[in-house]
Amino acid sequence: MIERPLGLLGFVVCFCVVGVPAASAAEVAPHRALYSLTLASAKSSSGVVGASGAMVYEWGETCDGWTVQQRFRLRLQYAEQDNVEVSSNLVTWEAKDGLRYRFNEKRLRNGEPDEEIRGDAKLDGVGAGGMAEFSRPEATKLALAPGVLFPTGHTLLLIDRAKAGDQFFARKVFDGATVENAGQITAVIGPELKPGPGPGDEKLPDNPLLKRPSWRVRLAFFPADSNAEQPDYELGMRLLDNGVSQDMSLDYSDYVVRATLDKIEALPRPSC
């Protein structure tokens, strides 16, 4: 990430969000979604007085895997210092069997190149450990422990657990957002919600992709350091059973960024 409070890569973690997907009952709908980013709230001590931006998120399907492309731009306004604009272009591919994962992200800060992260990871089998190899920003290898998931696999498992009525679970997830090992994501899942808009959703697009059962989910993202008591950030969302996120709020404790869904369209499935 550029910085965890600015990178917004938590969005991707929760979306794409396995060592388990081969048995997953979740039926993901490939889609492209456009979100507007705004400041939901901020503590006076944060210095943040405004936020604006946009994010385009594409979850695609190939014969053997899932692809994610995320492009976002966020401008943070401060009361007593210069504004900061961060942007990112992230592309990932994850095998449907959950054993292989590739990631490539380029980040800009105030229009200038900030960081590029690129690499791939492989697990030795379902539930087994493996290895992550970074080629940028420099050559680095990390051993992945048994039980680690990749992002799409984690989302599929999250949907399966929600369908089963589970209210809480925690797993280690490797996403390649930083040159660090897998961090823990803990999930709190609310009761199933019927299809249709909720309070404040009056402006949602009228699209069949959104007319699905869903759950309110709260994810806490902990760093690779197992001794950490507080998460780096938390992500709240209304997650539909087809993998679409109807809305999101990214909570960094000092301030909260809201992502509002403005437009969504289905993407084609492969002919395999």
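The values are calculated or read from the model by the stated rules, or taken from the named source; none is laboratory data. Computed from a predicted model, the values in this text were never measured in an experiment. Here the Cβ positions follow ideal geometry from the backbone for every residue, glycine too, while neighbour counts run over all protein chains shown.
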Please return the ranges of strands (runs of 3 or more DSSP E) entirely within the stretch 100-197 where 3 or more residues are under 21 Å from residue 233 (Cα atoms) and in contact with a Phe, Trp or Tyr (Cβ under 6 Å, 6 or more places away or on another chain). 183-193
Candidate set: the stretch 189-225, residues that are among the charged types (D, E, K, R) and under 17 Å from residue 163 (Cα atoms); chosen: the one modelled with the lowest pLDDT: 194
Among the numbered conditions (1) over 19 Å from residue 182 (Cβ atoms); (2) among the aliphatic types (A, V, I, L, M); (3) within 19 Å of the chain's Cα centre (by Cα), tell me where residue 79 comes up short. (3)
Going residue by residue through the stretch 222-231, is there one that turns out to be in a strand (DSSP E or B), of a type outside the set (Val, Ile, Thr), out of contact with any helix residue (DSSP H, G or I) (no Cβ under 7 Å at 6 or more places or on another chain) and surrounded by fewer than 20 Cβ atoms within 10 Å (Cβ to Cβ)? no
Pick from 171, 212: which is closer than 19 Å to residue 149 by Cβ and basic (Lys, Arg)? 171
Can you pull out every residue in the stretch 156-172 that is surrounded by 24 or more Cβ atoms within 10 Å (Cβ to Cβ) and touching a helix residue (DSSP H, G or I) at 6+ places or on another chain (Cβ under 6 Å)? 156
Any chance the stretch 23-39 includes a residue that's of a type in the set (S, T, N, Q) and modelled with pLDDT of 95 or more? yes
Please determine, by comparing only the residues of the stretch 232-272 that are in a loop (DSSP other than H, G, I, E, B) and of a type in the set (Gly, Ala, Ser), which one is nearest to residue 56 (Cα to Cα). 243
